[in-house]
Amino acid sequence: MLFEDCIVEEDERKRKKRRRQLTLLKQEEIPSETLPEMMVVLEELRKEGKFVDVQICPRCKGAKVKRVTSMGGDMSGHLALTPVKYECLDCGWRERLVLKATNRPLGLKEIAIIAEAIDTKDEK
C-alpha cells in the first residue's frame, strides 16, 4: 500500500507542477510583433513546396531561440540527463520547453493530439 501511495503522490506532484508551468506561461505572455510576419513567410514557403520548422519562444513568440550551451549553464542537458535548455535572445526566457511553428502538412497523429488538447481545454 505504501508504494501505491508514493506513486499517487508523485503523479499529483507532477500535475501540480505542470499546472503551475502553464499558469506562468499565461501570465508571462508578451504580444508578438513578428509572429504574423513569420506566419506569412511560412505560408509562402509552403506554397513553394518548402517545409520548415521554426523554434519560437513561448513567452514572446519570437523566432530568436537558441540552445543553451553546456558552458552557458546546461551541463545536464549536454550529458542527456535532462532535456536540453533553450534561451530566447529577445526576451531572455530560458527553459527546457520550446514551441515549433511549422508549415508541414498535419498527419493523423498530430490532428488527434490537437483534437485532444481542444477537448481538454473545453472541459475546463
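Every number in this text was worked out from the coordinates using simple rules, so none of it is lab data. A quick note: this is a predicted structure, and the numbers were derived from the prediction, not measured. Note that we place each Cβ from the backbone using ideal geometry, even for glycine, and neighbour counts take in every protein chain shown.
Hey, which of the helices (runs of 4 or more DSSP H) in region 27-124, taking only ones fully inside, have at least 3 residues that are among the acidic types (Asp, Glu)?
35-47, 108-123
Given the condition of a type in the set (Ser, Thr, Tyr) and in contact with a Lys or Arg (Cβ under 8 Å, 6 or more places away or on another chain), answer yes or no: does some residue in region 77-98 qualify?
yes
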